[in-house]
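Novice: Before I ask anything, here is the structure I am working with.
Readers should treat all values here as calculations from the given coordinates under stated rules, not as data from a laboratory. None of these values were measured; they are calculated from a predicted model. So basically every Cβ, Gly included, is an ideal-geometry build from the backbone, and we count neighbours across all protein chains shown.
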Amino acid sequence: MLRSKEVCQILELVRAYSVPIRDDRVSKLVTWYVKALQNAIDMIWDNIEWKYSFPKIVRKGKKLVVIRGSKVRIPIIPKDRAFKKRLRDELMKDNPYAAHWVDAVIRTAYSIMENWRKRYLKGRARKIKPRIRRRFAKCKITLMKIDYEAKTIRITLKQGEYLYVSWRSTWFEKRVRDWIVGEVIIFDDRVVIPFKGSEEIYVRRVIGWDSNELSLDGYEPSIGFIHVDLRPLQSIKITYERKKAIAQSKGKRELYEKYVRRERNREKDFINKLSAGLRRILPNAVHVFEDLDKEDLVSRKRVKNRRKRNARTPWKRIHKRISEVALTALVDPRNTSRECPRCGYVVETQEGHVFECPRCGLKMGRHKVASINIRRRYLENRKRKTRMRGFPHSNEPEITMMVELWVGVAQSGRSPVIWIPMKWDPEGDEAKGRGLDIKQYQAQ
Ligand SMILES: [Zn+2]
């Protein structure tokens, strides 16, 4: 049953693949690049202007909104022409490579500094000059000549001297057919090539997802509720928190770092499998999430009434990965778990797992309520944009409240295990025919 008209949307895809390289010139280039990059950062850092910024409250309609709560010092990164020229001239003094390489260095330096500034203003980075620890060189497109026929990239080192990288007969050659090559990153032993492609998706489903501590809870009328188990992700965290604490207490720094890397890898693996699984079993869909960045900005008073979202769950990484493989959208997180999906009544406070509407008497799990609201918010925004009448709080949930799709990623196997209730038979899902690792079971 299709409720909304099919809309074609373009999903931009970016995949990076690496090609091994053996060339003495590469290490030399990387050594120069890292040194120049650190010099650029040093120079920008030394020219930062620190300004005081005072508390700021502005009126937005009837409300007063706090933009800054207290007096803070704000770093102003120098960007004027004169400074940039001085920076470039300085870097050119010790540059055996093409001038574009200096521009590449400057651009990377600025992006590192902007990144640091953002994190600093959010309280996530300290007032410490960024240090380049990894050996790499990010290229500029102006230094690259791409031959799509021969599947070869020619990178200019200096005039008349080139580095050639080819993706012909690589394992990923077919995957990136007709895709566009982006700016490569050069390491001592390999070149990472980002490929950009796009996919047309005919949207038949809009799925609202509520992001919770141990689960992702989704809703879409033709499927019903979808429950994605995130407990394995939590157990990875817990396991490594313990291991890291032990390593730290024994002062074993290398061991600690090893655990950090392993934890990252296992988490990444889980998120990748989960995202691939969702893409496969829920094709032709837009996945709607709450905009958690907006949630951070909500004033302190409101936070009290807000449900706690566990910092342990790497939400941003999950959302990011899903957005790389499927269409996604974000909505304002306000009141998503406090608004009755049937009559629209907003309850003041809501505790426990069950939502109860004092006006119409609806009783439903809180995550389910939120997923319905998140989905509806997206559809309402879309309608508003196309100047159509918003549609009422309604009846939708009840039709499909009885069915629930369970999705999980098996830790043991290589591919994700997806559980699908017997009743559900999505159209366009070829998974079964391909003999993928899908188990079916009756939802309880
Ligand atoms: Zn109600």
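Novice: Determine, from the Cβ-Cβ distance of residue 24 and residue 124 and an R0 of 30 Å, the FRET efficiency 1/(1 + (r/R0)^6), rounded to the nearest 0.05.
Specialist: Working: r = 39 Å, r/R0 = 1.31.
That gives a FRET efficiency of 0.15.
Novice: For a quick check: sort 97, 120, 202 by the number of other beta carbons within 10 angstrom, fewest at the front.
Specialist: Numbers: 97 21, 120 17, 202 11.
Going from least to most buried by this count: 202, 120, 97.
Novice: Of 319, 287, how do they rank once you tally other Cβ atoms within 10 Å and put the fewest first?
Specialist: Listing 319, 287 from fewest to most nearby Cβ atoms yields 319, 287.
Novice: Given N residues in segment 65-223, what is Rg(Cα) / (2.2 N^0.38 Å)?
Specialist: Details: Rg = 22.1 Å, N = 159, 2.2 N^0.38 = 15.1 Å.
Here the answer is 1.47, to two decimals.
Novice: Also, quick follow-up: Once R0 is set to 30 Å, what does the formula 1/(1 + (r/R0)^6) return for the Cβ-Cβ distance between residue 343 and residue 292, expressed as a FRET efficiency to the nearest 0.05?
Specialist: Numbers: r = 27 Å, r/R0 = 0.91.
Once the sixth-power term is evaluated, E becomes 0.65.
Novice: Looking at segment 102-187, which GluC sites (Glu not before Pro) are in a loop (DSSP not H, G, I, E or B) and have at most 13 other Cβ atoms within 10 Å? If you can, show how the numbers build up before the last one.
Specialist: Numbers: sites: 114, 149, 161, 173, 183; in loops: 149, 173, 183.
Here the GluC sites (Glu not before Pro) that fit, given the DSSP loop and packing criteria, are 149, 173.
Novice: Now a separate question. Using the Cα atoms of segment 87-136, I'd like the radius of gyration and the largest Cα-Cα distance, Dmax, both in angstrom.
Specialist: In order Rg, Dmax, the Cα atoms of segment 87-136 give 13.3, 39 Å.
Novice: Can you pull the Rg over Rh of segment 130-196, Cα-only, Kirkwood?
Specialist: Working: Rg = 12.7 Å, Rh = 12.9 Å.
Result for segment 130-196 is an Rg/Rh of 0.99.
Novice: A follow-up question, please. Calculated FRET efficiency, residue 183 and residue 260, Cβ-Cβ r, R0 30 Å, to nearest 0.05? Let's see the in-between values first.
Specialist: Numbers: r = 28 Å, r/R0 = 0.94.
According to the calculation, E is roughly 0.60.
Novice: Now for a separate question. Exposure proxy check: 282, 11 ranked by fewest other beta carbons within 10 Å? Write out the running numbers ahead of the final one.
Specialist: Details: 282 21, 11 17.
The most exposed by this proxy come first: 11, 282.
Novice: Find the percent of Cα-Cα distances in segment 167-279 that exceed 21 Å, and round it to a whole number.
Specialist: Working: 3999 of 6328 pairs.
Taking all Cα-Cα pairs of segment 167-279, the fraction more than 21 Å apart is 63 percent.
Novice: Can you pull the one-decimal nm distance between simple spin-label points at residue 324 and residue 15, each 7 Å off the Cα toward Cβ?
Specialist: If labels sit at residue 324 and residue 15, their model points lie 1.2 nm apart.
Novice: So if I take the centroid of the Cα atoms in segment 165-228 and the same for segment 338-384, what is the distance between those two points in Å?
Specialist: A separation of 31 Å, based on Cα centres.
Novice: To continue, here is another question. Would you please name the trypsin sites (Lys or Arg not before Pro) within segment 98-159 that are DSSP coil residues with at most 11 other C-beta atoms within 10 Å of their C-beta? Kindly include the intermediate steps, with their values, before the conclusion.
Specialist: Numbers: sites: 107, 117, 118, 119, 122, 124, 126, 127, 131, 133, 134, 135, 138, 140, 145, 151, 154, 158; in loops: 122, 124, 126, 127, 131, 133, 134, 135, 140, 151.
Filter output for segment 98-159: 122, 124, 126, 127, 131, 133, 134.
Novice: Going through the cross-link list 60/122; 174/273; 56/320, which pairs have a Cα-Cα distance over 28 Å in this structure? Working shown, then result.
Specialist: Working: 60/122 22 Å; 174/273 21 Å; 56/320 32 Å.
Check vs 28 Å cut-off fails for 56/320.
Novice: When Lys and Arg each count +1 and Asp and Glu each count -1, what net charge do the other residues less than 14 Å away from residue 50, Cβ to Cβ, add up to? Spell out each step's value before the answer.
Specialist: On the way: positive: 51, 71, 73, 117, 127, 129; negative: 46, 49.
Within the 14 Å Cβ shell, the charges total +4.
Novice: Strictly over 26 Å apart at the Cα level, which of 71/118; 85/196; 63/127 would you flag in this model?
Specialist: 85/196; 63/127
Novice: Right, something else. Could you calculate the contour length gain from residue 94 to residue 198, that is, 0.36 nm times the residue separation minus the distance between their Cα atoms, to one decimal place in nm?
Specialist: On the way: separation 104, 0.36 × 104 = 37.44 nm, distance 4.09 nm.
Length gained, residue 94 through residue 198: 33.4 nm.
Novice: Nothing charged except the Cβ atoms of Lys and Arg (+1) and of Asp and Glu (-1): what's the magnitude of the dipole of segment 70-146 about its Cα centre? Round to the nearest 20 debye.
Specialist: Values: 25 positive and 6 negative charges, 122 e Å.
Value, rounded to 20: 580 debye.
Novice: For segment 1-82, run through the GluC sites (Glu not before Pro) and keep only the ones in DSSP coil with at most 14 other Cβ atoms within 10 Å of their Cβ.
Specialist: On the way: sites: 6, 12, 49; in loops: 6.
Within segment 1-82, the qualifying GluC sites (Glu not before Pro) (loop, at most 14 other Cβ atoms within 10 Å) are 6.
Novice: On a full-extension model of 0.36 nm per residue, what is the gain between residue 381 and residue 148, subtracting their alpha-carbon distance, rounded to one decimal in nm? If you can, show how the numbers build up before the last one.
Specialist: On the way: separation 233, 0.36 × 233 = 83.88 nm, distance 4.09 nm.
Stretched out fully, the residue 381 to residue 148 stretch lengthens by 79.8 nm.
Novice: Same structure again: Could you tell me what a quarter of the Cα convex hull surface of segment 160-223 works out to, in nm² with one decimal place? Can you show the working numbers first?
Specialist: Working: hull surface 35.4 nm².
Result: a mean projected hull area of 8.8 nm².
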